[in-house]
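This report concerns only the one structure given below.
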Amino acid sequence: MVLVRGGRIITEVDDYVADILVDEGRIVAIGRKIEPPAGTEVVEAAERLVLPGCVDPHTHMDMPFGPTFTCDDFTSGTVAAAFGGTTCHVDFCMQQPGQSIPEALDAWFEKLRVAPPVVDVGFHVAVTDLSSPARIDELRELPGRGITSFKVFMAYKGSFMVDDAGLLQTMEVAAESGSLVMTHCENGDVVDLLVRRAVAAGDVSPRHHLLTRPPLVEVEATARAVRLAELAGAPLYVVHVSCGEAAAEIAAAQRRGQAVWGETCTHYLVVDDSVFATDDFAAARYVFSPPARDRSEHDRLWDAIRAGTLSVIASDHAPFSFEQRELGRGDFSKIPNGAAGVEERLLVVHELGVRGGRISLNEMVGLLSTRPAKLFGLYPRKGTIAVGADADLVIFDPELRLSIGPESMRTRCDTSVFDGMQVTGAPETVLVRGIPVVRNRELVAEPGTGRFVKRGAPMLGATPARVAAEVAR
Ligand SMILES: [Zn+2]
């Protein structure tokens, strides 16, 4: 048994001081002055916050991108996750061209086997090739295997992109099987045209990544995904919303009563497009999609978060070292897209959100833990602190100071878009199902402590619009 003693427990709705008793991986009691049975391991949490483990619904471990792979596998990536207070993440199993869905899953389970995780892991399936009708039947089988969300890329023409017919078909399967469709919203045909034009004109520096993916290609695709989801009668989750105008498309759908949710990512709240005000190749470290936007968008995203338009802040952890980015020297379109962030997410959201006075601690827990757990079928096992829930607990020291950089973060990635950021407040000890994974900021777990989690149906409950209407009444 484990006793977490005297911490200030923060859930999406609660804030109180109590002890938490854990047995066989689950919370069995919460109360004042619990007397632990002999042999109980005691974790002192006085003067600390106790948060439910963060749930990151958007990571890419060991993901192929062109000729390379993201530089964290499930072991190194989940060690980083654990230090950042994330005790469960949902990774994208990427179907390769010509592959069946079961073959794609076999490949992802193999990645877990060769690099066992230290935190719990679920899978989404990213559908990239629907050329055989058999794929549709295979998607129908996924909820039975604990996979209740499908991702579709509207961008990356020639590799991951699926056309509108494929998107609609995926949405139809989701609607009938009670799953959630996630969309990467950028108009891939238009981006492809703009990229080809730029490269032909000799505009090949990383700056042209920004210039060939303007906000309107994201806004247009967001609006299209929303309307196709309406046509299919499917719930929709829009990943990595980067700007206020795309969020406005989601808000409009929510006001119509449509079941649409939005996610933004940590880096969209930190990085702005001034990093591309140079033709220097060093800007390659900031290449992710959609790209960083004008600085004014940071406030618009926080507004959308506070309004409930955006329900989740994810990491979109997709680390590529600077050496890997060299693939795009001489052609920006070959720079692998993505940024590390699985460890930084809670640190940055606490710093900018809570310490910055933009959101409460309860709202932070909602954005990073409870809402992703609900939307991706993990709640109430994960996403809260309650009797019967998994003892995924973060003992968070609100006074601990950290400087974010390659030396202090556990990812294998040597370049971070958050480098140099100073934060106050960080996880001190992290438990996954009651097992200490990080203790006093030391790794104390073996690879394999984490498990694959079968997820249930998304808990969509009321749409954001219905909730707003209830509150207004
Ligand atoms: Zn992603």
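In table form, for the structure just shown:
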{"read-out": "Search result, residues across segment 139-163 that are out of contact with any strand residue (DSSP E or B) (no Cβ under 9 Å at 6 or more places or on another chain), among the small types (Gly, Ala, Ser) and at negative phi", "value": "GLY144"}
{"read-out": "Checklist (1) modelled with pLDDT of 95 or more; (2) surrounded by fewer than 20 Cβ atoms within 10 Å (Cβ to Cβ); (3) among the small types (Gly, Ala, Ser) applied to ALA80, failing item", "value": "(2)"}
{"read-out": "Which numbered condition LEU49 fails, given (1) in contact with a helix residue (DSSP H, G or I) (Cβ under 8 Å, 6 or more places away or on another chain); (2) at negative phi; (3) within 16 Å of the ligand (Cβ to nearest atom)", "value": "(3)"}
{"read-out": "Segment 185-197, subset in contact (Cβ under 8 Å) with a residue 60 or more places away in the chain and not acidic (Asp, Glu), residue nearest to CYS243 (Cα to Cα)", "value": "CYS185"}
{"read-out": "Checklist (1) touching a strand residue (DSSP E or B) at 6+ places or on another chain (Cβ under 9 Å); (2) surrounded by fewer than 19 Cβ atoms within 10 Å (Cβ to Cβ) applied to GLU323, failing item", "value": "(1)"}
{"read-out": "Options ARG26, ARG48, ARG8; residue that is of a type in the set (Lys, Arg), crowded, with 22+ Cβ neighbours inside 10 Å and at pLDDT 95 or above", "value": "ARG48"}
{"read-out": "Segment 244-261 residues that are closer than 16 Å to VAL181 by Cβ, paired with ones that are modelled with pLDDT of 95 or more and part of a loop (DSSP other than H, G, I, E, B) (beta carbon under 6 Å, 6 or more apart)", "value": "ILE250/THR309; ALA259/PRO235"}
{"read-out": "Segment 31-55, residues that are within 29 Å of the chain's Cα centre (by Cα) and part of a strand (DSSP E or B)", "value": "VAL43, LEU49, VAL50, LEU51, PRO52, CYS54, VAL55"}
{"read-out": "Test: ALA104 is surrounded by 14 or more Cβ atoms within 10 Å (Cβ to Cβ) and either within 30 Å of SER416 (Cβ to Cβ) or more than 17 Å from the chain's Cα centre (by Cα) (or both)", "value": "yes"}
{"read-out": "Subset of segment 211-226 (residues that are more than 16 Å from the ligand (Cβ to nearest atom) and within 21 Å of SER179 (Cβ to Cβ))", "value": "ARG224, VAL226"}
{"read-out": "Any hit, segment 306-316, residues being of a type in the set (Val, Ile, Thr), away from the ligand (no atom under 16 Å from the Cβ), touching a residue at least 40 places away in the same chain (Cβ under 8 Å) and farther than 17 Å from SER76 by Cα", "value": "yes"}
{"read-out": "Members of segment 326-345 that are away from the ligand (no atom under 12 Å from the Cβ) and surrounded by fewer than 23 Cβ atoms within 10 Å (Cβ to Cβ)", "value": "GLU326, LEU327, GLY328, ARG329, GLY330, ASP331, SER333, LYS334"}
{"read-out": "Flag if PHE69 is away from the ligand (no atom under 16 Å from the Cβ), closer than 22 Å to ASP414 by Cα and either surrounded by fewer than 17 Cβ atoms within 10 Å (Cβ to Cβ) or more than 15 Å from the chain's Cα centre (by Cα) (or both)", "value": "no"}
{"read-out": "Residue list for segment 111-129, restricted to those being charged (D, E, K, R) and surrounded by fewer than 24 Cβ atoms within 10 Å (Cβ to Cβ)", "value": "LYS111, ARG113, ASP129"}
{"read-out": "Answer residue from segment 279-291, given it is surrounded by fewer than 24 Cβ atoms within 10 Å (Cβ to Cβ) and touching a Ser or Thr at 6+ places or on another chain (Cβ under 8 Å) and is farthest from THR70 (Cα to Cα) among those", "value": "ASP279"}
{"read-out": "Criterion: closer than 22 Å to THR148 by Cα, of a type outside the set (Lys, Arg) and more than 15 Å from the ligand (Cβ to nearest atom) - qualifying residue of ALA229, ALA283, ALA253", "value": "ALA229"}
{"read-out": "Any hit, segment 100-123, residues being within 26 Å of VAL437 (Cβ to Cβ) and in contact with a Lys or Arg (Cβ under 6 Å, 6 or more places away or on another chain)", "value": "yes"}
{"read-out": "Total residues in segment 96-117, condition under 19 Å from MET161 (Cα atoms) and among the small types (Gly, Ala, Ser)", "value": "3"}
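The values are calculated or read from the model by the stated rules, or taken from the named source; none is laboratory data. Everything numeric here is computed off the predicted structure, so don't read it as measured data. Positions of Cβ are generated from backbone atoms using ideal geometry, with glycine treated the same way; all protein chains shown enter the neighbour counts.
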